[in-house]
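Have a look at the structure below, then the notes.
Nothing in this text is a laboratory measurement; each read-out follows from the coordinates by a stated rule. Computed from a predicted structure; not experimentally measured. Here the Cβ positions follow ideal geometry from the backbone for every residue, glycine too, while neighbour counts run over all protein chains shown.
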Amino acid sequence: MTALFVVSCLWVLAASVVALLPLRYQYAPGIMLLLAAPVLIYLIGRNVGSWAGAAAALAFISMFRKPLRYFARRAMGLSVEVRK
């Protein structure tokens, strides 16, 4: 097993654990996972192949679609609704 494979598996396990947390405790670890994912996706694409990088990117977008939509709307200056 390569180190990239181990780190990627740990990222997936961490994302699963964060998903089990109550919503108010998901924010900080979710942001850390959100920031680490593009680096892992790039490394996967470089080391395994572009098809694996594309699959990882699609999985990432599927998992983080709501936070990505929120940050995109905020960056464009559009209104965002926040749950309480």
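Odds and ends about this structure:
- Here the Karplus relation 6.51 cos²θ - 1.76 cosθ + 1.60, evaluated at θ = phi - 60°, turns the backbone of region 6-15 into coupling constants of 5, 5, 5, 5, 5, 4, 5, 5, 5, 5 Hz, with x for every Gly and Pro.
- Of the residues PRO38, PRO22, PRO67, the one that moves most in a GNM of the chain with alpha-carbon contacts below 10 Å is PRO22.
- Think of the chain as a dipole: +1 on every Lys or Arg Cβ, -1 on every Asp or Glu Cβ, centred on the Cα centre; then among PHE60, LEU4, LEU78, LEU78 lies furthest on the positive end.
- Phi to ³J(HN,Hα) by Karplus 6.51 cos²θ - 1.76 cosθ + 1.60 over region 37-49, Hz, x for Gly, Pro: 4, x, 5, 5, 5, 4, 5, 5, x, 6, 8, 9, x
- Across region 51-59, rounded Karplus estimates of 3J(HN,Hα) from the backbone phi angles (6.51 cos²θ - 1.76 cosθ + 1.60, θ = phi - 60°) give 5, 6, x, 5, 5, 5, 5, 5, 5 Hz, Gly and Pro being marked x.
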